[in-house]
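Student: I'd like to ask some things about the structure below.
The values are calculated or read from the model by the stated rules, or taken from the named source; none is laboratory data. Computed from a predicted model, the values in this text were never measured in an experiment. Every residue, glycine as well, gets a Cβ built from its backbone with ideal geometry; the counts of neighbours run over all protein chains shown. Please note that ligands, DNA and RNA were not included when accessible areas were found on the heavy atoms of the full protein model with its side chains. Shrake-Rupley method; radii C 1.70, N 1.55, O 1.52, S 1.80 Å.
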Amino acid sequence: MIFPRRAFAALCALLLWSTQAAAQSPTYQLEQVVELSRHGVRPPTPGNRKEIEAATQRPWPVWSTRDGELTGHGYAAVVNKGRWEGEHYRQLGLLTGGCPQPQDIYVRASPLQRTRATAEALVDGAFPGCGVPVHHVMGEADPLFQTDAFAATATDPAQQRAAVEAKAGDLAARQRALQPAVKALKQAVCLSDAHCALFDQPWQIRQSKSGHAYIAGLSVMASMAETLRLAWSENLPLSQIAWGHITRSAQITAILPLLSANYDLSNDVLYSAQRRGSILLNAMLKAAESHNAAPNARWLLLVAHDTNIAMVRTLMGFSWTLPGYARGNIPPGGSLVFERWRDNASGQRFLRVYFQAQSLDDLRRLQPIDAAHPLLREEWRQAGCRVTPVGTLCPLESAVHTLSRQIDRQAVTPVSYALP
């Protein structure tokens with residue numbers, strides 16, 4: 001075929017433009033991941049069991065593991081997540097094949113059994129057979145996670161109560177607004193009104209002997225909702241989930257607003273988050289921002305509790321609503337992730353921030369994560385961020401500045417990663 005001269009010239013111009021456009025199109029390289037994960041599925045903690053059984057005047061089901069500890073089902077679900085993450089980060093070039101080198105990953109877990117076992121499940125999934133070490137402090141309290149146990153990060157009881165009162169506002173109005181969730185929970189767990197007087201009592205702000213402010217009434221209902229959500233995720237027989245009264249995940253979704261409301265008036269109170277979450281957010285941002293920040297690993301994996309994630313996200317001003325969950329919900333195995341990316345053409349660096357978790361039903365059936373069953377995810381953004389094929393990327397310096405504005409520098413103490 002012979003092209004007319006003008007058509008040939010136009011074709012050449014188009015090819016030249018396409019080549020120049022491709023050359024100018026930014027390509028991004030993932031350089032760093034900092035991940036804060038919640039532990040996997042567990043039974044109610046001993047304290048939770050005591051309060052929910054007292055409030056309903058009936059024993060709740062006993063699980064296959066001791067109260068508060070990671071279950072076998074929970075371990076398997078987290079292995080699924082770890083397997084997907086390992087494959088994902090290899091595809092993105094953050095990790096290489098085979099077992100990792102020390103500079104590839106550093107794992108630190110809260111010292112409780114459920115968090116240490118969750119960390120082991122994550123690395124078993126990402127690096128099977130490699131024996132990646134999980135670091136944790138000796139004893140029961142880590143200054144990075146159990147911040148209420150240390151003077152430098154403890155809250156003042158009077159200030160905490162005042163902060164909760166200010167945020168609660170009209171507590172009776174909050175209670176009225178949540179009546180659909182309250183009624184759904186009551187129908188699921190109560191034998192009769194006589195056995196569940198708590199559901200009809202007005203909510204009140206109270207303080208424990210240690211000075212912790214909480215909402216009497218709401219906090220127990222939140223524990224019930226969380227226990228039922230965990231039972232669903234554990235794949236307990238339907239007869240053991242609210243005595244057969246909950247048979248669909250939508251019924252779990254309907255009671256989860258009670259958890260959101262309890263977060264709002266506890267770990268999501270700014271004063272409490274500033275005192276107890278500043279050290280953790282500061283450590284995460286330092287690791288995401290710098291090439292040489294301790295512990296100098298491409299993937300810093302921190303495994304802790306929903307309370308830790310709640311306080312960090314409060315300081316960040318970041319909330320999310322994943323499909324099938326209530327606002328701000330933190331499912332078992334869910335994680336808050338910071339990724340540092342580099343524009344290979346300009347050298348500019350960006351921060352990508354998101355929260356991710358599996359759905360209620362995917363956790364229940366131990367669904368492997370793949371293209372057909374992706375992790376649910378919501379990204380953080382501010383003005384100046386760009387939507388790219390690798391996600392929402394925000395200029396690193398301005399993102400770190402915004403995310404660190406609420407940090408209480410007086411509550412930030414040095415973090416040592418030199419653990420056993």
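Student: Looking at region 315-332, which of the residues that are open to solvent by 30 Å² or more (accessible area, probe 1.4 Å) and hydroxyl-bearing (Ser, Thr, Tyr) is farthest from ILE407 (Cα to Cα)?
Tutor: Going through the qualifying residues, I end up with THR321.
Student: Does LEU301 satisfy being surrounded by fewer than 21 Cβ atoms within 10 Å (Cβ to Cβ), touching a helix residue (DSSP H, G or I) at 6+ places or on another chain (Cβ under 7 Å) and modelled with pLDDT of 95 or more?
Tutor: Spelling it out, it is not the case that LEU301 is surrounded by fewer than 21 Cβ atoms within 10 Å (Cβ to Cβ), touching a helix residue (DSSP H, G or I) at 6+ places or on another chain (Cβ under 7 Å) and modelled with pLDDT of 95 or more.
Student: Sticking with this one: Could you give every pair whose Cβ atoms fall below 6 Å, whose first residue belongs to region 246-259 and is over 11 Å from TYR325 (Cα atoms), and whose second residue is modelled with pLDDT of 95 or more, counting only separations of at least 6 or pairs across chains?
Tutor: Cβ pairs passing all conditions: ILE246/ALA188; THR247/LEU238; LEU258/ALA181; LEU258/MET221; LEU258/ALA222; LEU258/ALA225.
Student: The conditions are (1) closer than 22 Å to ARG114 by Cβ; (2) surrounded by fewer than 21 Cβ atoms within 10 Å (Cβ to Cβ), and SER233 fails exactly one of them. Which is it?
Tutor: (2)
Student: SER37: of a type in the set (S, T, N, Q), assigned to a loop (DSSP other than H, G, I, E, B) and either modelled with pLDDT of 95 or more or over 30 Å from PRO395 (Cα atoms) (or both), yes or no?
Tutor: Numbers: of a type in the set (S, T, N, Q): yes; assigned to a loop (DSSP other than H, G, I, E, B): no; either modelled with pLDDT of 95 or more or over 30 Å from PRO395 (Cα atoms) (or both): yes.
So SER37 fails the test.
Student: Looking only at helices (runs of 4 or more DSSP H) that lie completely in region 82-178, which have at least 3 residues being open to solvent by 30 Å² or more (accessible area, probe 1.4 Å) and within 26 Å of GLY68 (Cα to Cα)?
Tutor: By residue number, 113-126.
Student: If I ask for residues that are open to solvent by 30 Å² or more (accessible area, probe 1.4 Å), in contact (Cβ under 8 Å) with a residue 40 or more places away in the chain, in a strand (DSSP E or B) and among the aliphatic types (A, V, I, L, M), which ones from region 374-394 would you list?
Tutor: LEU376
Student: Do you know which residues across region 209-229 are of a type outside the set (Lys, Arg), more than 17 Å from ALA181 (Cβ to Cβ) and not in a strand (DSSP E or B)?
Tutor: SER210, GLY211, HIS212
Student: Would you check if there is a residue in region 324-333 being in a strand (DSSP E or B) and modelled with pLDDT of 95 or more?
Tutor: Narrowing region 324-333 to residues in a strand (DSSP E or B): none.
The answer is no, given that none of the residues of region 324-333 is in a strand (DSSP E or B) and modelled with pLDDT of 95 or more.
Student: Cβ contacts < 9 Å: first residue more than 14 Å from HIS401 (Cβ to Cβ) and outside any strand (DSSP E or B), restricted to region 347-359; second residue aromatic (Phe, Trp, Tyr) and open to solvent by 10 Å² or more (accessible area, probe 1.4 Å), any location; separation 6+ or different chain. Result?
Tutor: Close Cβ pairs satisfying both conditions: SER359/TYR325.
Student: For region 347-364, which residues satisfy the criterion of being farther than 23 Å from THR321 by Cβ and either open to solvent by 30 Å² or more (accessible area, probe 1.4 Å) or within 13 Å of the chain's Cα centre (by Cα) (or both)?
Tutor: Going through region 347-364, the residues farther than 23 Å from THR321 by Cβ turn out to be 347-350.
Correct list: GLN348, ARG349.
Student: Filter region 153-205 down to the residues that are basic (Lys, Arg) and under 30 Å from SER239 (Cα atoms) and list them by number.
Tutor: The first filter runs over region 153-205 and keeps only residues basic (Lys, Arg), leaving 161, 167, 174, 176, 183, 186.
Those that are basic (Lys, Arg) and under 30 Å from SER239 (Cα atoms): LYS183, LYS186.
Student: Please work out if GLN251 is in contact with a Pro (Cβ under 6 Å, 6 or more places away or on another chain) and open to solvent by 10 Å² or more (accessible area, probe 1.4 Å).
Tutor: No.
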